[in-house]
Amino acid sequence: MSVRRREWKTRTGEIKQAWIVDYTDQHGKRHIETFQRKKDAGAHEAKVRIEVGKGVHVAPSESITVAEAAEQWIKRVEANGRERATVKGYQEHVDLHIVPRIGRVKLAKLSALSVESFRDQMLADVEEGTLSRHTARAVLRSFKMALKSAKHAHVGANVGIAPTKRERRLEPGRDFPETGEIKRLLAAATTERQRALLLTAALTGLRASELRGLRWSDVDLKVAELHVRQRADRYNVIGAPKSKAGTRTTPLAPELVSALKTWKLACPISDADLVFPTNAGQITHHANMLRELQALQRAGGVLERETGEPKYALHAFRHFFASWCINPKERGGRELAPKVVQHLLGHSSIVMTLDVYGHLFKDGGDRAELAAASSALLA
């Protein structure tokens, strides 16, 4: 591997020069690349030397573009049997963000600086309000997975977008129902299905997809336990929970056991043994299940003051469950430890649980508890 100067005379007699990087790649194939400046040639020679040593170098003449690498990655994701919704999300990242911004660049020409520039373009859009920071992080994560699939993970290894803390904390009565609102909804329930659906959503914390995919065989009414073993995605395809932690067991409150027993007698027959199927026994679409709870909110007067529309989406009842698990017993809560709450919610990481709900836990500033503990210690 060498860097040397090349001079030649044009037809007009002008003397020109360039700098050449002459090297043999890890497969024994010789390549020659030309640069106008010695500095650029030297930097490229150093980069190539490292890549050849690691066995990851691809010459520009043989390199595919970022767009081609991204499409190859999408095909591998599909071949690995990922859910349609997941593949669709990745494809949107590729089509809407990766290809328009950096798709034409060849992998062999890709550098940490160009990846940083791609990242910075998205952050500029975040500043302008045309792209959310959450989406920017997701796109960069997809981009780096595509690079890894193309054996170019090293290029973007140290480029990232730091997560931001929640702009505002979840609050009862705004982001999820207060206890009084849950009671009003229960009082407004006129059918066995409404009561069973509301109590299951509020007292188990199941995700909407888990509610829609819940089977009677996963509900043990004798032992009062519910087992989360599957979910229905946005296309009504049944699959495994979102993560390994999503497979979990949740105890059932007596009121919920009673409601489910009553509902089971009236539940439509479903080939899939679903707890909340359509009248035809099929999987209930997310939008239709949301409408059921919105109708209940209208009947119970749980509405936005300004618009008169139902206040809460399906996920709000999962937040209610989390707050119920966390709240102290004197406020009607269960006062469970963070790790227990993490398990019941099916979070893969305690960091996720504390990031979303950490402000609801006791802050350890209970003076009475401190006085009692110090007295016991020093007695």
Scan of the range 1-16 for residues that are acidic (D, E) and assigned to a strand (DSSP E or B), ordered by number: E7
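Condition check ((1) in the same structural domain as T135 (by TED's automatic domain parsing); (2) in contact with a helix residue (DSSP H, G or I) (Cβ under 7 Å, 6 or more places away or on another chain); (3) of a type in the set (F, W, Y)) across all residues:
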| residue | (1), (2), (3) |
| --- | --- |
| T24 | no, no, no |
| R37 | no, no, no |
| E78 | yes, yes, no |
| G81 | yes, no, no |
| V99 | yes, yes, no |
| K109 | yes, yes, no |
Mind checking which residues of the range 266-301 are part of a helix (DSSP H, G or I) and surrounded by fewer than 15 Cβ atoms within 10 Å (Cβ to Cβ)? A266, A287, N288, R291, A295, R298
Show the residue pairs meeting these rules: Cβ distance below 8 Å; 6+ apart or different chains; first residue within the range 23-36 and under 15 Å from K109 (Cβ atoms); second residue among the small types (G, A, S) and part of a strand (DSSP E or B). T34/A18; F35/A18
Name every residue in the range 208-242 that is acidic (D, E) and either surrounded by 15 or more Cβ atoms within 10 Å (Cβ to Cβ) or under 19 Å from the mean Cα position of the chain (by Cα) (or both), in order of residue number. E210, D218, D233
Which residue pairs have Cβ atoms closer than 9 Å, lie 6 or more positions apart in sequence or on different chains, and pair a first residue in the range 304-325 that is in the same structural domain as T250 (by TED's automatic domain parsing) and over 19 Å from L252 (Cβ atoms) with a second residue that is among the β-branched types (V, I, T) and surrounded by 21 or more Cβ atoms within 10 Å (Cβ to Cβ)? P310/V302; K311/V302; Y312/V302
Tally the residues that are under 27 Å from I50 (Cα atoms) and in contact with a strand residue (DSSP E or B) (Cβ under 7 Å, 6 or more places away or on another chain), restricting the search to the range 1-36. 22
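The values are calculated or read from the model by the stated rules, or taken from the named source; none is laboratory data. Note that the structure is a prediction, hence the values are computed from the model and not measured. Note: ideal-geometry Cβ built from the backbone for every residue, glycine included; neighbour counts use all protein chains shown.
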